[in-house]
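Peer 1: Got a structure for you, written out below as structure tokens; questions coming shortly.
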Amino acid sequence: MGRARAGARLRAEPAPPLFRLHDTSDMKTFEHLSDLQPLVGQEIAVSDWLTVDQARIDKFADATGDHQWIHVDPERAAKGPFGTTVAHGFLTLSLLPELSQSAFGVADTRMGVNYGLNRVRFPAPVPAGSRIRGRFKLLAYEPIDGGAQVTVEVTMEREGQAKPVCVAESVGRRYV
């Protein structure tokens with residue numbers, strides 16, 4: 001896509017629904033946002049597996065300008081500490097919305113915003129070609145005007161590995 005000239009009107013493609021309901025048999029659907037409130041302290045959902053391939057890693061490197069060799073140079077990375085290229089920690093974290101969308105939905109939510117993060121750790125690497133998924137534990141539910149602020153602990157695990165690749169406390173606001 002080329003650059004728009006000054007004063008030109010841009011036509012935006014419609015955005016996908018923020019909390020669309022996926023066609024996955026394991027996805028948990030809550031009818032009402034308030035259905036989450038009694039579940040504080042419990043795991044509420046587990047996402048589908050997602051493959052983190054080299055193409056995704058390269059695109060993230062291009063988007064962020066982080067072209068460190070452990071991420072984008074397979075030949076050099078083969079001789080490095082992980083034996084292959086690995087995903088950026090922030091790439092792993094940025095997959096949280098995609099994992100969340102395959103894990104659970106709230107039918108009466110019309111809008112949601114990312115309010116921030118309380119804590120994030122990357123205990124283990126994500127080698128290129130790995131499959132990861134997220135486990136979602138509801139830590140807090142606070143009613144706010146028009147909706148609720150929810151804090152969710154997301155533990156991202158790599159298939160075949162016991163140690164998580166990311167543990168994050170995600171704070172979001174959902175509106176009905």
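Derivation of every value follows stated rules applied to the coordinates shown; laboratory data play no part. Note that this is a predicted model, so its numbers are computed, not measured. Using ideal geometry, Cβ is built from the backbone for each residue, glycine included, and neighbour counts are taken over all protein chains shown.
Peer 1: Taking the range 67-88 as the region of interest, how many residues are crowded, with 16+ Cβ neighbours inside 10 Å and under 20 Å from residue 121 (Cα atoms)?
Peer 2: Total satisfying the criteria: 6.
Peer 1: Filter the range 40-66 for residues that are among the acidic types (Asp, Glu) and farther than 23 Å from residue 103 by Cα; which is surrounded by the fewest Cβ atoms within 10 Å (Cβ to Cβ)?
Peer 2: 62
Peer 1: Just wondering, is there one or more residues in the range 91-108 that are surrounded by 14 or more Cβ atoms within 10 Å (Cβ to Cβ), charged (D, E, K, R) and either in contact with a Phe, Trp or Tyr (Cβ under 9 Å, 6 or more places away or on another chain) or over 21 Å from residue 138 (Cα atoms) (or both)?
Peer 2: Yes: one or more hits.
Peer 1: Scan the range 43-51 and give yes if some residue there is more than 14 Å from the chain's Cα centre (by Cα) and more than 20 Å from residue 158 (Cβ to Cβ), otherwise no.
Peer 2: Among the residues of the range 43-51, at least one is more than 14 Å from the chain's Cα centre (by Cα) and more than 20 Å from residue 158 (Cβ to Cβ), which makes the answer yes.
Peer 1: What tally of residues in the range 50-78 results from selecting those that are in contact with a helix residue (DSSP H, G or I) (Cβ under 9 Å, 6 or more places away or on another chain) and touching a residue at least 60 places away in the same chain (Cβ under 8 Å)?
Peer 2: Summing the residues that are in contact with a helix residue (DSSP H, G or I) (Cβ under 9 Å, 6 or more places away or on another chain) and touching a residue at least 60 places away in the same chain (Cβ under 8 Å) in the range 50-78 gives 4.
Peer 1: In the range 135-160, which residues are under 30 Å from residue 76 (Cβ atoms) and of a type in the set (Gly, Ala, Ser)?
Peer 2: Matches in the range 135-160: 160 only.
Peer 1: Also, quick follow-up: Output the residues belonging to the range 80-110 that are in a loop (DSSP other than H, G, I, E, B), more than 15 Å from the chain's Cα centre (by Cα), over 27 Å from residue 150 (Cα atoms) and touching a residue at least 24 places away in the same chain (Cβ under 8 Å).
Peer 2: 82, 83, 84, 85 - these are the residues of the range 80-110 that are in a loop (DSSP other than H, G, I, E, B), more than 15 Å from the chain's Cα centre (by Cα), over 27 Å from residue 150 (Cα atoms) and touching a residue at least 24 places away in the same chain (Cβ under 8 Å).
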